[in-house]
Amino acid sequence: MTTQRLSLSLVVASALWFAARAPGAPARKPSGADDAIDLAHFHREVAARAIFEESNRRRTAAGLPRLAPLAAAQSAALWQAQFMAQAGAISHVNTSDRARRTLEDRIRAAGITFRFIAENVAVNFAIDYEARRPVYPRRGPAGEALFSYTGDGPPLRPHTYASMARAVVSQWMNSSGHRQNLLSREAKHLGCAAVPGLRDLHGGLGSIYCAQVFTALR
């Protein structure tokens, strides 16, 4: 029997939930954030809230003010996350909808008159997997897909919404361009989105396409 080994990389690129909480209020963990992710029953709103809160947690840790939620910014983020999930690719350009092709197009389509905009996009996994580390797939007792770092090691756990948010925000923070967007002093509002990929491009680990849009209104 041949043991298959995979080694995958996470991808990031930089270039409709609305919370009523005031931007200066302390962060709180969204309801459902500790639930394990099941791609067949993925809760986009929980994922969006988790990414939003984790992003603001990183800002306050850096001594910066929290960003306020903005429904229109979340719509713009969701449009791009949905496009990437359908295309199976990371991009700031929507090649299937001319009216929402660029970030500026999406911002205007959402009804935002802006003086600052920025966007971060990324793909992460539904399984809590350390990028570029060899992983061994196998079948569980019920035929389910399992993964481990050794051929017969303990299976990797599925991400929770909170741990997925920490992972994807860490991706952005570890890249200078994305970090600049996250820690921008010009940005005042933030919208986040996460959508499961329609195709399995990562050997069963499950793809989750994430986008966040930063803006300041004119």
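The values are calculated or read from the model by the stated rules, or taken from the named source; none is laboratory data. No experiment lies behind these values; they were computed from the predicted model shown. For neighbour counting, all protein chains shown are included, and Cβ atoms are generated from backbone atoms with ideal geometry for every residue, glycine included. The accessibility values were calculated without ligands, DNA or RNA, using every heavy atom of the protein model including side chains. Shrake-Rupley method; radii C 1.70, N 1.55, O 1.52, S 1.80 Å.
Considering only segment 189-209, I want to know if a residue exists there that is on the phi < 0 side of the Ramachandran plot, modelled with pLDDT under 95 and not in a loop (DSSP other than H, G, I, E, B).
yes
So that you can scan it fast, the table gives a plain yes or no per residue for (1) more than 18 Å from ALA40 (Cα to Cα); (2) β-branched (Val, Ile, Thr); (3) open to solvent by 10 Å² or more (accessible area, probe 1.4 Å); (4) assigned to a strand (DSSP E or B):
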site	(1), (2), (3), (4)
ASN124	no, no, no, yes
ARG132	yes, no, yes, no
PRO137	yes, no, yes, yes
ASP152	yes, no, yes, no
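Would you check if ARG185 is basic (Lys, Arg) and more than 16 Å from SER91 (Cβ to Cβ)?
yes
Scan segment 199-215 residue by residue and report those that are surrounded by fewer than 18 Cβ atoms within 10 Å (Cβ to Cβ) and out of contact with any Ser or Thr (no Cβ under 9 Å at 6 or more places or on another chain).
GLY203, GLY204
Which ones in segment 35-56 are in a helix (DSSP H, G or I) and either of a type in the set (Val, Ile, Thr) or more than 15 Å from the chain's Cα centre (by Cα) (or both)?
Passing the criteria: ALA40, HIS41, VAL46, ILE51.
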